[in-house]
1. Calculate, in nm to one decimal, what Ala169 and Cys133 gain on full extension: separation in residues at 0.36 nm each, minus their alpha carbon distance.
2. Out of residues 5 or more away from Leu18 or on other chains, whose amide H comes under 5 Å of its own, with H placed 1.01 Å from N in the peptide plane?
3. For segment 46-82 and segment 159-211, compute the distance between their C-alpha centroids and round to whole Å.
4. Using the beta-carbon distance between Lys80 and Glu4 and R0 = 25 Å, what value does 1/(1 + (r/R0)^6) give for FRET efficiency, to the nearest 0.05?
5. For a quick check, take a GNM of the chain with Cα springs below 10 Å and name the residue from Trp158, Trp66, Trp44 with the largest mean-square fluctuation.
6. Can you give the helix-only mean residue ellipticity at 222 nm for the chain, where every DSSP H stretch with n ≥ 4 adds -39500 (n - 2.57) and the sum goes over all residues, rounded to the nearest 500 deg cm²/dmol?
7. Along the Cα→Cβ direction, 7 angstrom out, place labels at Asn229 and Trp44. What is the inter-label distance in nm?
8. Could you list which residues have their amide H under 5 Å from that of Asn132, counting only those 5 or more apart in sequence or on another chain, with H placed in the peptide plane?
Amino acid sequence: MNPEDILGAARRLKSAKLLVVLTGAGVSKESGVPTFRDALDGLWAKYDAQQLATPAAFRANPKLVWDWYVYRRQMIEAVKPNPGHFAISELERLLPQVVVVTQNIDGLHKQAGSSDIIELHGNIRRYRCSANCRGNPTLLEISAWENGLPACPHCGHWVRPDVVWFTEALPDEAIHRAQELSRQADVMLVVGTSGVVYPAAALPGMAKEHGAYVIDVNPVRDEISTIANLFLAGPSGEVLSQIVQALRAMA
Ligand code: APR
């Protein structure tokens, strides 16, 4: 990685009044959470994640989709935030305002200490009634989630994870706040997202159009790097730790 690029990124961050950090599955990869487009392993190898994470799949086979989420929740509960998550939370101490907008459902940004987090695709540790019988969302406290698919205590419909599936709309408040902040941001740091799932994928373009400097951190070039002002090639744990180090040296 070019040290000049790290320094350039740190300088941009240093002058930002509002930094928006948009993250995707790549930021959790170094914690051991596979990205969505990685092949599934073990018992789930014969399934395609993009076909399990849909309302149609849940309607057709709720138990199968539930079991897949139990498996994913167990995997997520066993992992810890990595240096990338910690570097992002450290940015809050170095800059006036940092908001994390994440597509991840694993809760690792919060565990790493970030305080202002918009979860665009929900959170795997929360549950709701699949019929939203008492308003949208009808959140439910489920303690024994590994004991099989529970029913909503109010209406009897199946309980489902409070996550956004393919073809579903994002929670209104979350996407509206993310869009507003993207328009106001001085810098947008995009980390570990392939930039193919909308509307999250539109945020970097929106930020740039409204004057933000867009920095993309990813081991490979993709949709986002083509519009970014600066592309930093590498795993997020490494790249973000170097940026934080450079910022501290400027303090
Ligand atoms: N550091 C940074 N980025 C990484 C790393 C790493 N160590 N390893 C992989 N990546 C990058 C990949 O190159 C890819 O660009 O992370 C990205 C992961 O892409 P996706 O799996 O498509 O994840 P994401 O962009 O978050 O997907 C968006 O789509 O599948 C749905 O709802 C799901 O939230 C998800 C959304």
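The values are calculated or read from the model by the stated rules, or taken from the named source; none is laboratory data. Note that the coordinates shown come from a computational prediction; the quantities given were computed from them, not determined experimentally. Positions of Cβ are backbone-derived with ideal geometry, glycine not excepted, and every protein chain shown enters the neighbour counts. For accessibility, only protein heavy atoms count, side chains too; no ligands or nucleic acids. Shrake-Rupley method; radii C 1.70, N 1.55, O 1.52, S 1.80 Å.
1. 11.2 nm
2. Asp186, Val187
3. Centre-to-centre (Cα) distance: 22 Å.
4. Rounded to the nearest 0.05, the efficiency is 0.20.
5. Trp44
6. Taken over the chain, the calculation gives -11000 deg cm²/dmol.
7. Each label point is offset 7 Å from its Cα along the Cβ direction, giving 3.8 nm.
8. Amide H neighbours of Asn132: Thr138.
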